Amino acid sequence: MKTNIELFPEFKKAIQENELVYLFGAGISSALTSGQSVGWKQWIINGTSYMKDPIKANALRVSIEKDNATSGLVKAAGTVLAATKADGTYQMWMKNSFESAPITNHALADTLKKLLVTQDVFATTNYDLMLERATGLSTLTYEEPDKAFPMLDRKKSDSVLHIHGVFDSFRGIDNIIADESQYEAILNDEGAQFIQNILGTRTLIFVGCGQTAEDANIARFIQFAKDKLRMDREYYFLYVLGMEPTDLPDNIKPIPYGDSYSDLPEFLADLAQERLRFRIEDNPLIMRTINTREPVDAYGLTEYHYSQEYLKFCGRKVELAQLHNFLETDGPFQWWAITGQGGSGKSRLAYECLRRCQKDFFGFFLNFNVSDSDVDGFIPFNDTIVVVDYIKGNENQVAMVISGLIDIFNRSPYKLRVLLLERDNLLLSGSWYHEMFSSLDLYHRARFRNGEYNVDLTTRQHRFLYLDDLDDAAVIELIGDVCRKKQLPEDIARDRRLKQEYAEKFEQLRFRPLFLQMYVEAWVDNGCIAVEYTNYTGLLEVVVKREEDRILQMLNGDKV
């Protein structure tokens, strides 16, 4: 069973408040591949099978089993490295060890992505690219301090720091540190010392590192930190109960994550959620992120809320590509608007955009019912996209919040993207746009005007992203998904027929996702018989009646 973080208040406080570095050992690769990746000791043992001298290989395996000390493992590694290179089997050994296992633990990969939302640093003593494959990050090694420092200085975690090198046959990179001579060399390597000293300025959390003796890379780093770094802050070492790490310096506090190795992913998920909750979801400006999972209402209508993703996201490929271009455009501040009729999927499109850009942007739906001090207290920690939904009637408040965010991000190294969602795209006097723009002071009005995306620079004509009907393929796909949710078998002919019937019955609604969903659900609930409703209010009445019946059933039919 995984450990409750609440049992370690100092650790919890560090998670909430400090700048963190996660230093991953071989255990994280094993967890990502469901045990297909091996630890440092097993990697060396496996390497003996690639040696062409069986007697020498067997003797080496016996000596490894007798001597588990770090010095013995490092010496054995040097012997295997030299032998396989001489035998011409080194490349095969390395490829099979570090490039053959697929990532199977996708839940853990998603958790690692959550840890990156707050721009914490990923470092590793591993030679493989498992962390990069799981998160989409780039690779930096101890040979590239000129790239590592700008990344850390900008507080933008876009690469995994391999402090003991990496093996990457695709790019022809092999600068691993494994034998005694290599370890001695790295102690005198200015680049390696530079990176490791940078790590010493933050709170380190050791993850997937066994008992330290199991991973000579981790043991060597801890020794380096003890001898060379200023140990004036607490670090934390995650371990499985019954396998407490040995020979840790006093400043490295052991934290048990559970009584089984399989508890590590869940413990990391709790850690990520605690950090996100404290840094993000408790922030008054943030109404919702893609990680927010509490119910959105108490009336059984949750399935219609965009954030619940009750149905799969269908179509809108062109619109998603346009939003990607919006995010990637130059400039520290840019804004754009998505417009379209009610039920066309504006919020769901914005939500999907946040999901797809999460590696590069932190995104949230704005709570604009906040004070000036709430806005002033927001601290950027990543390139950020802010979605503002339902502006009409709240123009003054939205203008105040956007003005404050422009000022805050102007003092930060991060980009700010604002996405406005509204039904109409009218810009005349009295429109939501005119009222909001007029509420800005002259300085912020100029900044806002200059930050508009996709505007015609000659005529100043606005070119918002207008959501029209779903395309035919997306309509049929959505109908099929509703039917699947209703436990009906796949039937493309049925889906096409329902599309045609809907088009004939609701010409004015056209193919807006919300009403299309309601229509198909009403059709299923009516025994898969055509429903007789002439307008959208009839569909809404069906939904309300269904929920009324459900609630009455819960109350045993008592309306009092």
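The values are calculated or read from the model by the stated rules, or taken from the named source; none is laboratory data. All values derive from a computational prediction rather than experimental measurement. Every residue, glycine among them, receives a Cβ derived from its backbone with ideal geometry; neighbour counts consider all protein chains shown. For accessibility, only protein heavy atoms count, side chains too; no ligands or nucleic acids. Shrake-Rupley method; radii C 1.70, N 1.55, O 1.52, S 1.80 Å.
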statement: Restricting attention to region 312-340, the residues that are surrounded by fewer than 18 Cβ atoms within 10 Å (Cβ to Cβ) and either more than 21 Å from I406 (Cβ to Cβ) or without any contact (Cβ under 8 Å) to a residue 60 or more places away in the chain (or both) number exactly 10
query: For region 398-424, what are the residues that are more than 24 Å from E328 (Cβ to Cβ) and part of a loop (DSSP other than H, G, I, E, B)?
result: R423, D424
query: In region 425-441, which residue that is open to solvent by 50 Å² or more (accessible area, probe 1.4 Å) and either assigned to a loop (DSSP other than H, G, I, E, B) or β-branched (V, I, T) (or both) is nearest to D153 (Cα to Cα)?
result: D441
- request: Six or more apart or on different chains, Cβ under 8 Å: which pairs go from a residue in region 344-368 that's at positive phi to one that's buried (at least 23 other Cβ atoms within 10 Å of the Cβ)? Could you list them?
  value: G345/P513
- prompt: Does F378 satisfy the criteria of being more than 19 Å from the chain's Cα centre (by Cα), closer than 18 Å to R277 by Cα and buried (at least 17 other Cβ atoms within 10 Å of the Cβ)?
  reply: yes
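What residue, among those in region 137-157 that are open to solvent by 40 Å² or more (accessible area, probe 1.4 Å) and touching a residue at least 60 places away in the same chain (Cβ under 8 Å), is nearest to the chain's Cα centre (by Cα)?
Residue satisfying both the conditions and the ranking: K155.
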Verdict on V62 being farther than 30 Å from T203 by Cβ and open to solvent by less than 30 Å² (accessible area, probe 1.4 Å): no
- prompt: Which pairs have Cβ atoms under 9 Å, sit 6 or more apart or on different chains, and link a residue in region 474-499 that is within 15 Å of P513 (Cβ to Cβ) to one that is open to solvent by 30 Å² or more (accessible area, probe 1.4 Å) and hydroxyl-bearing (S, T, Y)?
  reply: K485/Y310
- line: Listed by first then second residue, the pairs whose first member lies in region 112-132 and is on the phi > 0 side of the Ramachandran plot and among the small types (G, A, S), whose partner is open to solvent by 10 Å² or more (accessible area, probe 1.4 Å) and modelled with pLDDT of 90 or more, with beta carbons under 8 Å and at least 6 positions apart or on separate chains, are none
- prompt: Is one or more of the residues making up region 273-280 farther than 16 Å from K12 by Cα and of a type outside the set (F, W, Y)?
  reply: no
- prompt: For S100, all conditions in the list (1) in a loop (DSSP other than H, G, I, E, B); (2) at pLDDT below 90; (3) closer than 16 Å to T135 by Cβ hold save one; what is the number of the exception?
  reply: (3)
